[in-house]
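Every number in this text was worked out from the coordinates using simple rules, so none of it is lab data. Just so it is clear, the structure is predicted and the values come from calculations on it, not from any experiment. So basically every Cβ, Gly included, is an ideal-geometry build from the backbone, and we count neighbours across all protein chains shown.
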Amino acid sequence: MNHLVGYDAWTMEELKGYGSAKTNGYHTLCHAHPEIQTSAVEVTTGPLGQGIANAVGLAIASKNLAANFNKDDISIIKSRIWCTTGDGCLMEGVAMEDWINTEDTNAKMRAQGWQVIDVMGGNFNVEDILAALRLSSTYKGKPVFINVRTTIGVDTAVAGTYKAHHGAIDKDSLWRWKSMIGLDPESSHTILPESLAFFRERKDHGARLQSEWEAQLERYCDKYPEDGKRLKSRFNTSTEPGLKLLSELDSEQFQGKATRQSNGAILELLWKAVPSLCGGGADLVNSNQIKYADIDVFHPTVGYKGRYLRNGIREHAMTAIANGLAAYHPRAFLPITATFLLFYLYVSRESVDRATDLTEQQAAPGVRMGALSELPAIHIATHDSFREWPSSLYGKDSTDICLL
C-alpha cells in the first residue's frame, strides 16, 4: 500500500526484499511486520493485539485534543482512528481478555457497547466493504466494529489452512489469479497501470487535505488566539518546564521515603507544569500515590477533556495504550503508567529465568514495544523493596526491567 500511494522510500526493489533474512549486510524496509522507524508506519506491530491497544491510545489522544480545542464553528481536530485487525489479534488478552475462537464475536462486541456491521461477502465484494465503511461514519457516540468475513488464501490450494498465513502460494493458483485480473502470469512484482494510478491519486489527495488543515489552523489561531497558542504548543511541547521544576527540588526531602511517596509528590508537581502529561494507574492509584481530581478524568460519562485514565486492572493494555498516546503526534502527549513493580513483571521467577523473551509478562510487552519504538512514556513502578515490600521479591526484577 505504501508503494501504491507513492511513498518515495517504498520502491519496487524494497518490495522484492519482503521478509528477506538480514544476511551479508542486506536489509529491507519490508519486514514481515512493520516498524515505526519506517516512513508511513504509525506504530510497530507484529506481537498480536498491540496494534488494537495502540489504536485505543490514538483515539484517546484525538478525543482529548478535540474536546479541549474544537469550537462550534471550527473543528480543528477531527481524526477518525481506523484499526484493521484479524481474528488472531482479537484472541489476545490485550485486545479482550478470555476470548475464545468459538464465541460469537459480534455478540461480544455489541455487549461491550460497539456498533457492529457485518460484511458477509468479504472475499470478493468490495462494494459491500466500502458501503460498510461509509455507514460506519454515520454512527455517533460509540465505536464501530466492522466484521468482514473472509477466507484466508481464498481460491488457492491452501485456502482456509494455516499454510496460507506464511509461505509460497502454489504456481497454479498464482497463474489463475494473475490471468483473471489481466496480468502476465509469468510476470513478477508487477502492478496494473490503472491500479497504480488509482492509488497514486491518494497521495495528491492527502497533500490537499494537509494544506486545507494548515489553512484552517491559521484561521483558528486568528479567531481564538489563546487556544491557538496552547494547541500549537502541544505540537511542539518542550520538556523545559518539567526539567526546571525538577532541578529546583531539594532531594533531601525525599530521603528515607518509599519511591511511591517521592514519585507521587514529584508527579503532582509535574502534572500541573506539563500539560502533555496524561495517563494513570492500574487500579492502584492510592497505593501508587497518583493524585488526580474527578474533574480531570477522561471518560464518556464525564467528558474527554481530562487527562487521567482509569485503566482498571489491565496492566498490559495500560502500557500499550500509552504507546498509542505517545505515537499520536511527537511530544503532544507524554503518557504515564503506574502499578507495583511486581505487576510490570507479573510472572513466576522460574518463567523469567527460562524465557528467551519477556512476552509472557503482564505489562512488560507494552513497555518493551514502546522502548523499541522509541516512544516517550514514564512507567512508575512502586513497592520495589525501597522502604516497602521484601527485597527478596525483587532481587532480579530491576535487571529484567533493564532488559526490556
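Simple spin-label estimate for residue 161 and residue 175 gives 1.9 nm between the two label positions (7 Å along the Cα-to-Cβ direction from each Cα). Highest mobility in the GNM of the chain, judged by mean-square fluctuation with C-alpha springs under 10 Å and restricted to 325, 269, 90, is found for 269. Can you give the net charge of the other residues whose Cβ lies under 11 Å from the Cβ of residue 363, counting K and R as +1 and D and E as -1? Here the count lands on +1. How tilted is helix 315-328 with respect to the longest principal axis of the chain? Cα atoms for both, answer in degrees (0 to 90, nearest 10). Once rounded, one gets 70 degrees. What the Cβ-Cβ distance of residue 186 and residue 152 gives, at R0 = 22 Å and to the nearest 0.05, is a FRET efficiency of 0.25. Note on segment 192-233 and segment 273-321: Cα centroid distance 31 Å, given to the nearest whole angstrom.
If you run the Gaussian network model on the chain, springs between alpha carbon atoms under 10 Å, then out of 32, 293, 381 the most flexible one is 293. Taking the chain as a Gaussian network of alpha-carbon nodes connected by springs under 10 Å, the highest mean-square fluctuation of the residues 137, 62, 233 belongs to 137.
Evaluated with a Cβ-only charge set (Lys, Arg +1; Asp, Glu -1), the chain carries a dipole of roughly 800 debye about its Cα centre, given to the nearest 20. Using θ = phi - 60° in the Karplus curve 6.51 cos²θ - 1.76 cosθ + 1.60, the 3J(HN,Hα) couplings for segment 304-310 round to 10, 7, x, 10, 8, 10, 8 Hz; x is entered for Gly and Pro. If the chain linking residue 140 and residue 223 were pulled fully straight, counting 0.36 nm for each residue of separation and taking away their Cα-Cα distance, it would gain 27.1 nm.
Between the alpha-carbon centres of segment 129-173 and segment 36-81 there is a gap of 23 Å.
I'd like the orientation of helix 126-136 relative to the chain: the angle between its Cα long axis and the longest Cα principal axis, in ° from 0 to 90, rounded to 10. The two axes meet at around 30 degrees.
For segment 138-146, 3J(HN,Hα) computed residue by residue from phi via the Karplus equation (6.51, -1.76, 1.60; θ = phi - 60°) reads 8, 7, 10, x, 8, x, 10, 10, 9 Hz, glycine and proline entered as x.
The H on the amide N of residue 310, modeled in the peptide plane, is under 5 Å from the matching H of 298, each at least 5 residues off or on a different chain.
Given the choices (i) 4, 17, 28, 26, 16, 7, 2, 0; (ii) 4, 20, 27, 22, 16, 9, 2, 0; (iii) 5, 19, 19, 16, 14, 11, 9, 5, 2, 0, 0, P(r) over Cα pairs in 10 Å bins from 0, in percent derived from the coordinates of this structure is entry (i).
Which angle between 0 and 90 degrees, to the nearest 10, do you get for helix 259-273 versus the longest principal axis of the chain when only C-alpha atoms count? Its long axis makes an angle of about 70 degrees.
In this simple spin-label approximation, residue 13 and residue 294 carry label points 7 Å from Cα along the Cα→Cβ vector, and these lie 6.3 nm apart. In the chain, the sites counted are trypsin sites (Lys or Arg not before Pro) in DSSP loop states with at most 16 other Cβ atoms within 10 Å, and the longest stretch holding none of them, exclusive of the sites, is 150-256.
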